[in-house]
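A.B. asks: Have a look at this one.
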Amino acid sequence: MDAEELRLLLSKDGLALLERAEAGLDDDVVREVSRLRAEGHDPRLVAAVLTQARLRRRARAKFGEFAEGMLFTEAGLEQATRLRVAAHHAGRMRSAGIVSVADLGCGIGADSLAFATLGLAVTAVERDEATAAIAAFNLAAWHATVLHGDALETPVDAEALWFDPARRDGSRRLNDPADWSPSLDAVFARAAAQPAGVKLAPGIDRDLLPTDAEHQWVTDGLETVEAVVWTGRLARSGIARSALVLGDGGAAELVGDPAHPEPGELGEWLYEPAGAVIRAELIGTLAERLGARSVSDGIAYLTADAHVETPLAQAFRVRETLPLDERRIAQRLRELGIGELEIKKRGADLDPAALRKRLKLKGDERATLIATRVGGRHRAILADRP
């Protein structure tokens, strides 16, 4: 979005047209463009309005009803923190006694929005002028100041800092942390001097993370969405790493030291730890909590003889095990009348979507097929979700 498109969009007529377009948006984009242009609207405004209407529709998955009053960019929406996760960041700040925070590289303002809704004074800095204007629009109703400037060079007065370094240049993903904006080394240098939270991709190389900080991986629903480095008084004493799982029922957390469970016999129950637990290398800690063991060396699945309810893992009741042989599997599924099959894998080289198509499932029953290693040997575990 260029400056002129944004100016048109932010006008009184532009915002009114956006509300109309969003209410009547359908999948026929050409028809929508033709209809709005026929009403005499500037083609640039029409393009901006329809883009925003589509982005708002997509944004509901992250922001719920808040999306209806927000503006977005494609890149900003993609990198924006989900509202439930951002609320956790804000809660962490408030629990540490923080009353003011600077969001350095705020994007469209997702985390700033969460900070402000919990009553923190927010200074948000964004170097892209159009994105900064969008952040200002999104934060207009809250106690927040948005500045157009460089994340590290713009003077700010706040107790704590929040960083979410940009890891893309347009559509291109930047793999080298030195190319991020700001660079990772520069972010950590600033975070070492002041309480801070640094949001990173969950697959970040752990060797890049500072040792004198808390490292927390976060799973929201079934998706592992981030790793956060907490420094200063935002890092909890005695906790080097943690795994947080957020869901409709609330939050569950696991803390501990990296540990891998001992392998053992496959039991009646199989557990798939949440991605945050796996990324934090806390599978051994979870196994102790569940009274479980590993199904095989190097495999993240756990197994136990009794079921323990936990939000930190998905549980499956084991029906039977089969050789990891497609013909044997297909025959058994036909015998059982399984027409709906969830396929999961770890340590097995197969394409679940392609396998499901080749199995030609028929029947009214459902099950889960888990392709993995059990005791070092490839097996297919037929199981049910409880």
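A.B. asks: Would you work out which of Ala240, Leu290, Trp230 lies farthest towards the positive end of the dipole of segment 222-346? Charges go on Cβ: Lys and Arg +1, Asp and Glu -1.
C.D. replies: So the residue furthest toward the plus end is Trp230.
A.B. asks: I need the shape label for segment 98-202. Rule: rounded when a/c is under 1.5, else prolate if a/b > b/c, else oblate, with a, b, c from the alpha carbon gyration tensor.
C.D. replies: It is oblate, given that a/c is not under 1.5 and a/b is not larger than b/c.
A.B. asks: In addition: Between Ala292, Ala252, Ala191, where does the largest GNM mean-square fluctuation fall for the chain, given springs only between Cα atoms within less than 10 Å?
C.D. replies: Largest GNM mean-square fluctuation: Ala252.
A.B. asks: Continuing with this model, one more query. Can you tell which of Ala276, Ile299, Ala213 lies farthest toward the positive end of the dipole of segment 172-319, using +1 and -1 charges on the Cβ of basic and acidic side chains (Lys, Arg; Asp, Glu)?
C.D. replies: Highest projection toward the positive end goes to Ala213.
A.B. asks: Looking at segment 206-276, which chymotrypsin sites (Phe, Trp or Tyr not before Pro) are DSSP coil and have at most 14 other C-beta atoms within 10 Å of their C-beta?
C.D. replies: The qualifying sites: there are none.
A.B. asks: Okay, moving on. Choose one of Leu113, Asn138, His88: the residue whose Cα lies farthest towards the positive end of the charge dipole of segment 81-206 (beta-carbon charges +1 Lys, Arg; -1 Asp, Glu; about the Cα centre).
C.D. replies: Result: His88.
A.B. asks: With a ≥ b ≥ c the root eigenvalues of the C-alpha gyration tensor of segment 292-352, is it rounded (a/c under 1.5), prolate (a/b larger than b/c) or oblate?
C.D. replies: It is prolate, given that a/c is not under 1.5 and a/b is the larger ratio.
A.B. asks: Give, rounded to the nearest 20 debye, the magnitude of the charge dipole that segment 94-188 has about its Cα centre when Lys and Arg contribute +1 at Cβ and Asp and Glu contribute -1 at Cβ.
C.D. replies: 320 debye
A.B. asks: So, one more: Which order, highest average first, do 71-78, 149-156 follow once you tally other Cβ atoms within 10 Å for each residue and take the mean per peptide?
C.D. replies: 71-78, 149-156
A.B. asks: Right, next: Quick check: at a probe of 1.4 Å, how many percent of the accessible area of segment 243-386 sits on carbon and sulfur atoms?
C.D. replies: After summing per-atom areas, the C and S share lands at 44 percent.
A.B. asks: Under unit Cβ charges (Lys, Arg +1; Asp, Glu -1), what dipole magnitude, rounded to 20 debye, does segment 274-386 have relative to its Cα centre?
C.D. replies: 400 debye
A.B. asks: Run the count for the chain, please: Lys pairs, Cα-Cα under 26 angstrom, 8 or more apart or on different chains.
C.D. replies: Going through the chain pair by pair, I get 8.
A.B. asks: Determine the calculated [θ] at 222 nm for the chain from helices alone, applying -39500 (n - 2.57) to every DSSP H run no shorter than 4 residues and normalising by the residue count; nearest 500 deg cm²/dmol.
C.D. replies: My calculation for the chain gives -10000 deg cm²/dmol from helical runs alone.
A.B. asks: Can you tell me the order of 160-172, 197-209 when each peptide is scored by its average per-residue count of other Cβ atoms within 10 angstrom, highest first?
C.D. replies: Going from most to least packed, we get 160-172, 197-209.
A.B. asks: Which residue, Ala354, Ala133, Ala59, has the most motion in a Gaussian network model of the chain that connects Cα atoms within less than 10 Å?
C.D. replies: Taking springs between Cα atoms under 10 Å, the residue moving most is Ala354.
A.B. asks: Which value, in debye to the nearest 20, gives the size of the charge dipole of the chain about its Cα centre, when Lys and Arg are +1 and Asp and Glu are -1 at the Cβ?
C.D. replies: Roughly 1240 debye for the chain.
The values are calculated or read from the model by the stated rules, or taken from the named source; none is laboratory data. Here the structure is a predicted model, which means the values were calculated and not measured. Cβ: placed from backbone, ideal geometry, glycine included. Neighbour counts: every protein chain shown. Note: areas computed on protein heavy atoms with side chains; ligands, DNA, RNA excluded. Shrake-Rupley method; radii C 1.70, N 1.55, O 1.52, S 1.80 Å.
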